[in-house]
1. Note down all Cβ pairs under 7 Å where the first residue falls in the range 77-96 and is touching a residue at least 24 places away in the same chain (Cβ under 8 Å), the second is part of a loop (DSSP other than H, G, I, E, B) and among the hydroxyl-bearing types (S, T, Y), and they're at least six residues apart or on different chains.
2. I'd like to verify a number: residues in the range 44-76 that are without any contact (Cβ under 8 Å) to a residue 60 or more places away in the chain and small (G, A, S), how many?
3. Please work out if V41 is under 18 Å from I84 (Cβ atoms) and crowded, with 22+ Cβ neighbours inside 10 Å.
4. So if I check each of Y147, Y167, which one is under 18 Å from D88 (Cα atoms) and surrounded by 20 or more Cβ atoms within 10 Å (Cβ to Cβ)?
5. Can you tell me how many residues within the range 25-42 are under 18 Å from C91 (Cα atoms) and in a helix (DSSP H, G or I)?
6. Give me the pairs: first residue in the range 118-137 and closer than 19 Å to D88 by Cα, second residue acidic (D, E) and surrounded by 13 or more Cβ atoms within 10 Å (Cβ to Cβ), beta-carbon distance under 7 Å, and six or more apart or on different chains, which are they?
7. Restricting attention to the range 130-144, report how many residues are of a type in the set (A, V, I, L, M) and surrounded by 15 or more Cβ atoms within 10 Å (Cβ to Cβ).
8. Name the single residue, out of those in the range 1-33 being under 17 Å from G69 (Cα atoms) and among the small types (G, A, S), that is surrounded by the fewest Cβ atoms within 10 Å (Cβ to Cβ).
Amino acid sequence: MTPPVISVVIPAYNEEGGIERCLRSLSDQTLPREQFEVIVVDGDSKDRTREIAAAYADRVFIQTSPKVGGARNDGVLAARAALIATTDADCVLPPDWLERIRNALSSEGVVMVYGTVRPIEDSIKNRVSLWMANTLSALCYRTGIMYYTLGCNTGFRKDAFVRAGMYRTIDAGDDLEIARRMLLEGRILFDPGLKVGFSMRRYEQFGTIRSLYQWLYIVLKGGESGRYTYSRREYK
């Protein structure tokens, strides 16, 4: 059997409310369906996440490695393609998402590509919040301070990712930390046109300032949450 060109890895935990929307957006890609596979790695959900995912994904299984980074690692190791794209179960992908990732990773020396986000829950507050995040991401890339490689919108070459040591299994910041090691393998590209719909539900539930403060605290503490209960800890 001919392997797919690209594998999409989606970690999920109790996402019955949003995962179908995410997977349906992958059914409408400009890249032909036979050229990519979809892998959902479930954190032992207590709802219908796995049942819903099975109707769209090529593989659905329960993670064996800890935390969300470990779920992504499990998916990568199960992937048949040489190229990997990662997103979250509550995101919505534009039709050219996989094609743009494939094209970027086909460039000489490029091992990783990432993009920006837009709010699914459209409001002025959410637009401003993500505009600021996208602006910071672009500024950090141009200055080389940091590569804001969010796990909801990243692509990479599987061989380089494995050589780099894969994601750390920490509570937060795993999707930023990996970029430092991927730089040792080759070039990282930032594509502002690679934009996914990002759910702001957790920020709306807990408050944007509080959520960002907790996330920053965890990242600065080396990825361990300490006194904070961060939502990504829900993964096994």
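1. These pairs meet every condition: D90/S199; C91/S199; L93/T87; P95/T30; D96/T30.
2. Residues meeting the conditions: 5.
3. Values: under 18 Å from I84 (Cβ atoms): yes; crowded, with 22+ Cβ neighbours inside 10 Å: yes.
Yes; evaluated as a whole, the condition is true for this residue.
4. Numbers: Y147 fails: under 18 Å from D88 (Cα atoms).
That would be Y167, the only listed residue that is under 18 Å from D88 (Cα atoms) and surrounded by 20 or more Cβ atoms within 10 Å (Cβ to Cβ).
5. 2
6. E121/E204
7. Of all residues in the range 130-144, those of a type in the set (A, V, I, L, M) come to 130, 132-133, 136, 138-139.
Then keep just the ones that are surrounded by 15 or more Cβ atoms within 10 Å (Cβ to Cβ); that gives 130, 133.
So the answer is 2.
8. S7
The values are calculated or read from the model by the stated rules, or taken from the named source; none is laboratory data. This structure is a prediction, so every number in the text was calculated from the model and none was measured. Quick reminder, even Gly has a Cβ in these numbers, built from the backbone with ideal geometry, and neighbours come from all protein chains shown.
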